[in-house]
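Note sheet for the following structure.
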């Protein structure tokens, strides 16, 4: 079976799906929802220092605020994707728009002082829940109402909203913060969500044909949530609490115990929010695992931007401008990935995209050079980063969805996008921990000075050395992603 062809083993979800075909107005409406998450919500990767200073909150609180959106998206995205199959994908999309509006308003109107956390953290959590609603439901609607080459084009446009939004978020956030203030990012997000709701008005409802049990999987959701939250706290606060402290060890134990309970619960129920049988499909498995790792490489942006700001004394806007090539490359090369998919199948462009992404990080590694030289290297690195992700995006998404029956598309898309969100959440958190821990402890990284000669300022060596280690960790994740693709995704145009 070609990766671009729809499966023939399942009936269409309803009569409407056999007659209605999606158009650009509905597609644009869905893309507005994707942008609300990937462009607007993700600006915190670059503007967190300005937000924290304005609101008067500590760095540890801002670290939680940055990570909590992707974390909540990842925790609930699979369950909500399955729920969309059952009660209606358009309904869930609209609910996602509402959550985005409420969350953005909470953040935008957060007052300075100690009470700001009661606006900031719930608002960021609601933005994550919004993404959990919009991403799997929109992908399922693309699968249902677009077919053949039209679907590949729709996926490319959807990917521009996702990957392109993530590419522009640093530049967009820096520019808006320096010109209007960071709050206007979230006010603009409200307008984008309202526009998306308007464009989607009148879109026919879509549900899965196989209406399995609608029982709320309380045990599965709670065990998964407890495991992921405990693990995220360990990752983000372990250095602050102490890696060998009773709190860290207890939270680590809870993450393992609840993770085991989650697997046992979901493996023994037919109505769980995660269907592990989807991973019997090697194409789907390879696309999902590599998607998790490639999104985890988002830590590259956090580390390199912090290096420029903390080590190079640049502003958020100045650092963000260097990422312009990333955004342009994603938008330009997304359709190239689509064409490579049509010609070679999914495996080859997925591997090529990973390789280029790995090379891009190598251009961001040499923090030992002078700032002017590093900025030139960073421009090349960010541009190649966008090229690599663009070549990977459409083939990976199409590979994940093309081999799934229609009644599993929502759940399958949910797991695939859960990989995106959790990959970003934990990848960014791990990179941040490596960078912040080592940069605060110069003795742990001063051995690098015996291997590499650092030019220019010597008062920021710990920051520059820590960046090398953190970025090397991201290269390692790219290599693991390539191995996953080579082991699971078949050569040629086959999908099973």
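The values are calculated or read from the model by the stated rules, or taken from the named source; none is laboratory data. Source: prediction; values computed, not measured. Here the Cβ is made from the backbone with ideal geometry for all residues, glycine too, and neighbour counts use every protein chain on show.
A few notes on this one:
- Residue 325 assigned to a helix (DSSP H, G or I) and farther than 20 Å from residue 171 by Cβ: no
- Looking across the stretch 46-60, the residues that are within 19 Å of residue 240 (Cα to Cα), at pLDDT 80 or above and either in contact with a strand residue (DSSP E or B) (Cβ under 9 Å, 6 or more places away or on another chain) or assigned to a helix (DSSP H, G or I) (or both) come down to 48, 52.
- Unique match (being out of contact with any strand residue (DSSP E or B) (no Cβ under 9 Å at 6 or more places or on another chain), assigned by TED's automatic domain parsing to the domain that holds residue 42 and surrounded by fewer than 19 Cβ atoms within 10 Å (Cβ to Cβ)) among 307, 324, 302: 324
- Residue in the stretch 339-357 that is assigned to a helix (DSSP H, G or I) and within 29 Å of residue 456 (Cα to Cα) present: yes
- Residue in the stretch 384-406 that is at pLDDT 90 or above, within 17 Å of residue 366 (Cα to Cα) and in a helix (DSSP H, G or I) present: yes
- Selection from the stretch 260-289 of residues that are surrounded by fewer than 17 Cβ atoms within 10 Å (Cβ to Cβ), closer than 14 Å to residue 227 by Cα and under 25 Å from the mean Cα position of the chain (by Cα): 260, 263
- Residue identified as within 25 Å of residue 306 (Cα to Cα) and within 19 Å of the chain's Cα centre (by Cα) among 171, 129, 180: 171
- Check on residue 36, at pLDDT 85 or above, in a helix (DSSP H, G or I) and within 20 Å of the chain's Cα centre (by Cα): yes
- Pairs with Cβ under 8 Å, 6+ apart, first in the stretch 18-30 and farther than 19 Å from residue 97 by Cβ, second not in a helix (DSSP H, G or I): 18/12; 20/204; 21/146; 21/147
- When the stretch 93-109 is filtered for residues that are more than 15 Å from residue 32 (Cβ to Cβ) and crowded, with 24+ Cβ neighbours inside 10 Å, the ones remaining, listed by number, are 103, 107.
- Considering the stretch 80-90, the residues that are touching a helix residue (DSSP H, G or I) at 6+ places or on another chain (Cβ under 8 Å) and within 18 Å of residue 29 (Cβ to Cβ) include one that is surrounded by the fewest Cβ atoms within 10 Å (Cβ to Cβ), namely 90.
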